[in-house]
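Peer 1: I'd like to ask some things about the structure below.
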Amino acid sequence: MTTGMDRLVAAINGDDCDRAPVFSIMLDQGARELGISLEAYYSRGDHVAEGQLRLRDKYGYDNLWCLFYVGKEAELLGCKKILFASDGPPMSVIWLLGN
């Protein structure tokens, strides 16, 4: 069986493969796949990992993302509050207020 890594290496090397590697950018959708809120999803790395594995298995693409939400970097730089929407990506309060 050809793996996503096999496809990526073949593409990089210009070798033949069963198909081109498919990279999907599904981040927040993992929360819905697990049936939990975005805040609960992003609060634990194991939730993100499980959500990403389920999405890859469900849709058959070749990559896994280890990314969290963009606001995570803002938190690391001192942002004190992240707003978790029920139907959209988390936002840094400082970005929302334009400060």
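The values are calculated or read from the model by the stated rules, or taken from the named source; none is laboratory data. Computed from a predicted structure; not experimentally measured. We place every Cβ from the backbone using ideal geometry, glycine too, and count neighbours over all the protein chains shown. The protein model used for the area step is the full one, side chains on, heavy atoms only, and it has no ligands, DNA or RNA in it. Shrake-Rupley method; radii C 1.70, N 1.55, O 1.52, S 1.80 Å.
Peer 1: If a paramagnetic tag sat 7 Å from the Cα of residue 34 along the Cα-Cβ line, which residues of segment 46-82 would have the backbone N under 17 Å from that point?
Peer 2: Counting only backbone N, you get 46-58, 64-72.
Peer 1: What's the Kirkwood radius of the chain in Å, using all Cα pairs? Please list the in-between numbers first.
Peer 2: On the way: mean 1/r = 0.0658 Å⁻¹.
Across the chain, the inverse of the average 1/r is 15.2 Å.
Peer 1: Counting only helical runs of four or more DSSP H residues, what would the 222 nm mean residue ellipticity of the chain come to if each run contributes -39,500 (n - 2.57) and the total is spread over all its residues?
Peer 2: Working: 6 runs with 47 residues, N = 99.
That calculation yields -12500 deg cm²/dmol at 222 nm.
Peer 1: For the chain, with only Lys/Arg (+1) and Asp/Glu (-1) charged at the beta-carbon, what is the dipole magnitude about the Cα centre, in debye rounded to 20?
Peer 2: It comes to approximately 360 debye.
Peer 1: Please state the equivalent ellipsoid semi-axes for segment 10-53: what are the square roots of 5 times the Cα gyration tensor eigenvalues, largest first, in whole Å?
Peer 2: 31, 9, 8
Peer 1: Once you put a point 7 Å from the Cα of residue 1 and another 7 Å from the Cα of residue 76, both along the Cβ direction, what distance in nm separates them?
Peer 2: Spacing of the two 7 Å Cα→Cβ label points: 3.4 nm.
Peer 1: Of the options 92, 21, 42, report the single residue whose Cα projects farthest towards the positive end of the charge dipole of the chain (beta-carbon charges: Lys, Arg +1; Asp, Glu -1).
Peer 2: 92
Peer 1: Let me ask you something else. Kindly provide the trypsin sites (Lys or Arg not before Pro) of the chain that DSSP labels as loop, not H, G, I, E or B, and whose Cβ sees at most 11 other Cβ atoms within 10 Å.
Peer 2: 19, 44, 80
Peer 1: When ligands, DNA and RNA are left out and all protein chains stay put, how many square angstrom of accessible area per residue does the chain have with a 1.4 Å probe? Kindly include the intermediate steps, with their values, before the conclusion.
Peer 2: Numbers: 6760 Å² over 99 residues.
Roughly 68 Å² per residue, with all protein chains present.
Peer 1: Right, here's the next one. Can you give the accessible area of residue 46, probe radius 1.4 Å, in Å² rounded to 10?
Peer 2: The accessible area of residue 46 comes to roughly 80 Å².
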